[in-house]
Amino acid sequence: MTAYLMDGKKLAQKLRESMKKEVAMLKEQGITPGLAVILIGNNPASRTYVNSKQKSCKALGMNSLLIEFPDTISEETVLDKIKELNDDHSIHGILVQLPLPVHISDMKVIDTIVPEKDVDGFHPINIGKMMTGQDAFLPCTPYGIMELLHDSGISIEGKHAVVVGRSNIVGKPIGQLLLNEHATVTYCHSRTKELTTYTKQADILIAAIGKANFITASHIKEGAIVIDVGINRDETGALCGDVDFEQVKDKASYITPVPGGVGPMTITMLLHNTLQSAKNQLQHS
Ligand code: GUN
């Protein structure tokens, strides 16, 4: 069997086309959705992601504000900037690119963003709402994965989903979203013993490990749905995922490629959340 390719690039384009129309309609009503991105320090990967987020915002007709700080900036200055953006009516989404320098607390930064502008879906209020199945901003990568699964017509109810990785950004929330849609969920991580025992039971396998080509054909069962969240470089410097695509594609029923799978969906859902926040403002004005 050769797996069906879940094309995140194509779905992202389709969703962005429809969002572009919604942005134009909102502008006619006097609201231009605005995203503020705070970038601290000089991490090249963070800079690449931030540039891409800004470019995507502009392509949709949204405003994008970049605030850059050197990595020597004090935590207090960053928190003050967030408070200023919280009160700025032209800003609908606030995102602080992670990771942060060690002297700045992720938790304090995230807690300072008002939940109504937390388009990353990282604030404890949004996480709590997600856990209890209430309307909330969902974290962008897990949200994008759910959209890909839905778009592919995959039914989630009753399936065994195995999540490898337990980060706050991907692993933990994707397990929760799958559980919300009635999957049976198992979490695995770096201290899991006999990983293959679990991954081989997966109807849906989420690989969010951060190690190039880690998941091989021997990890999965025939016909599994395999979602690759990894963005790594292999020994030749080429972009690759956490899944050994060449091996796994012949055993899985569905698979996401890297690049072109989950990646394009992450920014798309960030745009979606920012647009949603602007629409919420219109409703409450
Ligand atoms: N760093 C890596 N992924 C993300 C993300 O989704 N949001 C933010 N703010 N930082 C990140």
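The values are calculated or read from the model by the stated rules, or taken from the named source; none is laboratory data. No experiment lies behind these values; they were computed from the predicted model shown. Every residue, glycine among them, receives a Cβ derived from its backbone with ideal geometry; neighbour counts consider all protein chains shown. Protein only, heavy atoms only, side chains kept; ligands, DNA and RNA dropped before computing areas. Shrake-Rupley method; radii C 1.70, N 1.55, O 1.52, S 1.80 Å.
Maximal additional length on extending the Val114-Thr32 stretch stands at 27.6 nm, based on 0.36 nm per residue less the C-alpha distance. A convex hull fitted to the Cα coordinates of the chain yields 130 cubic angstrom per residue. Taking amide H atoms as placed 1.01 Å from N in the peptide plane, the amide H of Val119 lies under 5 Å from those of Ile94, each 5 or more residues away in sequence or on another chain.
May I ask for the distance between the Cα centers of the stretch 212-243 and the stretch 44-101, given as a whole number of Å? Taking the Cα centre of the stretch 44-101 as reference, the centre of the stretch 212-243 is 31 Å away. Shown here: the stretch 56-182, whose C-alpha atoms stretch 48, 34, 23 Å along the first, second and third principal axes, sorted largest to smallest. Taken over the stretch 155-235, the percentage of Cα pairs per 5 Å bin, counting from 0 up to the bin with the maximum distance, is 3, 16, 28, 27, 17, 6, 1, 0. Multiplying the residue separation of His182 and Ser105 by 0.36 nm and removing their Cα-Cα distance gives an extension gain of 24.3 nm.
The stretch 6-29 and the stretch 162-188 have Cα centres separated by 27 Å. The lysine pair count for the stretch 98-206, using Cα distances under 26 Å and pairs eight or more places apart or on different chains, is 12. Computed from Cα positions, the angle between helix 140-151 and the longest principal axis of the chain comes to roughly 60 degrees.
Under 1.5 on a/c is rounded, so check that first for the stretch 149-285, then, if it is not, pick prolate when a/b is larger than b/c and oblate when it is not; a ≥ b ≥ c are the square roots of the alpha carbon gyration tensor eigenvalues. Prolate, because a/c is 1.5 or more and a/b exceeds b/c. At the residue level, Phe69 shows approximately 30 square angstrom of accessible surface with a 1.4 angstrom probe and all protein chains present.
Length available on full extension from Asp88 to Leu239: 0.36 nm per residue minus the Cα-Cα distance, which gives 50.5 nm.
Report the residues of the stretch 21-41 in range of a label on Ala59: point 7 Å along Cα→C-beta, backbone N strictly under 15 Å from it. Counting only backbone N, you get 21.
Packing here is the average count of other Cβ atoms within 10 Å per residue, and on that basis the peptides 58-68, 268-278, highest first, run 268-278, 58-68.
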